1. Taking only the alpha-carbon positions of the chain and ignoring solvent, what does the Debye formula give for the base-10 log of I(q)/I(0) at q = 0.10, 0.11, 0.16 Å⁻¹?
2. Using a basic spin-label model with each label point 7 Å from the Cα along Cα→Cβ, how many nm lie between residue 86 and residue 41?
3. Which residue, chosen from 14, 91, 197, occupies the Cα position most advanced towards the positive end of the dipole of the chain, where the dipole is computed from +1 (Lys, Arg) and -1 (Asp, Glu) charges on Cβ about the Cα centre?
4. If amide hydrogens are placed 1.01 Å from N in the peptide plane, which non-local residues have theirs closer than 5 Å to the one on residue 174?
5. Students often get this wrong, so check it: of 128/231; 128/230; 79/159, which have C-alpha atoms separated by over 29 Å?
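Any read-out appearing in this document is the output of simple, stated calculations on the displayed coordinates, not a laboratory observation. Please read all numbers here as calculations on a predicted model, not as lab measurements. With ideal geometry, Cβ positions are generated from the backbone for all residues, glycine too; neighbour counts draw on all protein chains shown.
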Amino acid sequence: MNHLIHIHGMEIPVVEVHGVRVVTLAMVDRVHQRPNDTAGRNFRENRARFIEGDDYLELTADEIRRQSLGHVFPPRTAKGIVLTESGYLMLVKSFTDDLAWKVQRDLVNGYFRQKANSVASMPEVASKLVGELAIMECFTRLLRPAPSSQVAMLQYIGKRHALDTSFLPAYVVDAAEDGPAGSSMPTASLTALLKEHGITTNVATYNVLLRDAGMLEERTRKSTSAPNGKKHFWAITEKGLTYGKNLTNPASPRETQPHWYVDRFAELHAVVSGRLLGKGGVA
């Protein structure tokens with residue numbers, strides 16, 4: 001669907017070529033309510049006064065197709081003329097009726113300058129984007145999220161800033177460094193794995209055992225719903241990444257949720273049990 005702008009009661013499509021906002025000669029006739037080809041005739045009669053590349057562009061049929069401008073030119077147009085802001089103002093110098101003055105103001109401020117204003121705001125947008133990427137980098141170093149979670153966060157940031165993220169991989173391998181090459185290792189929550197292995201220790205207690213074994217570390221973040229304003233959560237340590245991965249919610253990547261590799265949980269439990277047996281306990 002083409003973006004439309006209202007100029008003095010008229011709807012005109014937004015036309016951009018190489019990032020520059022332009023108008024066709026037919027668009028000039030329409031917004032100024034002039035007979036067809038009035039603008040075209042004025043342009044042809046004074047063409048020598050216009051500078052190509054500054055005041056106007058002449059597009060070939062192939063360029064019209066590649067720029068997706070078929071909707072603003074008649075079918076099978078061999079060559080099409082588009083005017084920049086300076087070209088438009090030169091062309092309508094002879095339009096001196098009351099409507100012409102109003103339309104010129106609206107078209108300059110509400111059409112051409114809108115593009116300039118959006119470009120002027122790009123440094124601010126870029127600054128925010130750089131800031132978000134820096135935060136993500138710190139988050140990645142501190143909480144070690146799985147590759148799939150990192151890609152999800154990049155996609156979320158890209159969507160927020162209307163960036164093309166099609167270059168990001170559709171599939172990311174989540175596996176331990178010494179795991180099988182080229183394929184992810186299945187994971188599950190601690191709750192599911194304790195149940196599957198018939199381990200009766202509750203999740204809260206087992207997390208403490210994992211922490212004592214150096215597999216988990218406790219983190220906190222601010223929370224308005226927590227009684228003391230802080231919410232506690234677990235993150236798998238560098239050592240623990242042999243046995244699991246940290247998942248995140250890309251829409252709110254402020255904490256992690258540990259998931260453990262299904263095929264390595266028995267080995268992980270043996271480590272935890274070994275520590276308990278050394279202390280005279282059983283997991």
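1. -0.70, -0.76, -1.20
2. 2.8
3. Result: 197.
4. Residues meeting the amide H criterion: 184, 185.
5. On the way: 128/231 27 Å; 128/230 26 Å; 79/159 37 Å.
Beyond 29 Å: 79/159.
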